[in-house]
């Protein structure tokens, strides 16, 4: 059964940059399959992305009729073992439930997805997250990886109701039992106000017969040039998605030119600015 990588639109657009980096670094292993219904996404249109020096976009080689990039596109490895969604604009406010129920869930069912890997990012100003007050905890690891073994859940209502509690530090309703986070993860629980909680709720309650596992990978980031963060997240993916093609070198697309590079995260803080 295949895996599906799904990037959430979040702080610094790091999940989208990670998917960009993945697709273009091993573009000979992936191909564009289809435009996905973007009714509930903010409108967007742009040129087809590609690597510098390419005469034509390799990812779209089998679809010569496609001339523009759309808000959401579906790609897959040639053996159809790994599917990747690239979502370039956020869901219109108030329509997240509609998007997951009428677009994402039917797509997962159609492709008979076995494993969904959801990518996320957050920063120090994100108020809807349940994270430790100090980002230096847990050995300074900026990554959080949580897993749900769908086949082991016998009572969905129990998972979403009886295991919720109020975090007295943040006054948020959180679930500590929804995802089983790795021991060194910065994030150890999810709050009901996070996108991931809503995605998970619908995915689990839709009773997708093929779905066996949901993985959640989030990265703590700073606002600014997040290309280095994207590389950090992309480096982690082969550990999470077993069938992912091996990336020997990272190749950013031409759309990054003049905007992003591969700069390490800033370590100094001077008068409100990271240096």
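Tabulated results
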read-out: Residue in region 160-177 that is over 20 Å from residue 223 (Cβ atoms), surrounded by 14 or more Cβ atoms within 10 Å (Cβ to Cβ) and at pLDDT 80 or above present; value: no
read-out: Residue within region 89-107 that is surrounded by 21 or more Cβ atoms within 10 Å (Cβ to Cβ), at negative phi and not in a helix (DSSP H, G or I) present; value: yes
read-out: Single match in 142, 57, 71 (criterion: modelled with pLDDT of 95 or more and closer than 29 Å to residue 26 by Cα); value: 71
read-out: Of residues in region 236-260 being exposed (fewer than 10 other Cβ atoms within 10 Å of the Cβ) and at pLDDT 85 or above, the one nearest to residue 144 (Cα to Cα); value: 246
read-out: Near pairs, Cβ below 9 angstrom, 6+ apart or cross-chain, from region 185-201 (at positive phi and surrounded by fewer than 19 Cβ atoms within 10 Å (Cβ to Cβ)) to any residue that is at pLDDT 85 or above and assigned to a loop (DSSP other than H, G, I, E, B); value: none
read-out: Pair list, Cβ under 6 Å, 6 or more apart: region 1-17 residue on the phi > 0 side of the Ramachandran plot, other residue outside any strand (DSSP E or B) and buried (at least 22 other Cβ atoms within 10 Å of the Cβ); value: 12/221; 12/226
read-out: Among residues of region 50-69, those that are crowded, with 19+ Cβ neighbours inside 10 Å and in a loop (DSSP other than H, G, I, E, B), counted; value: 1
read-out: Residue selected from region 1-42 under the condition over 26 Å from residue 222 (Cβ atoms) and out of contact with any helix residue (DSSP H, G or I) (no Cβ under 8 Å at 6 or more places or on another chain), by the criterion surrounded by the fewest Cβ atoms within 10 Å (Cβ to Cβ); value: 1
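The values are calculated or read from the model by the stated rules, or taken from the named source; none is laboratory data. If you're wondering where the values come from, they're calculated on a predicted model, not measured in any experiment. Cβ coordinates were reconstructed from backbone atoms using ideal geometry, including for glycine residues, and neighbour counts include every protein chain displayed.
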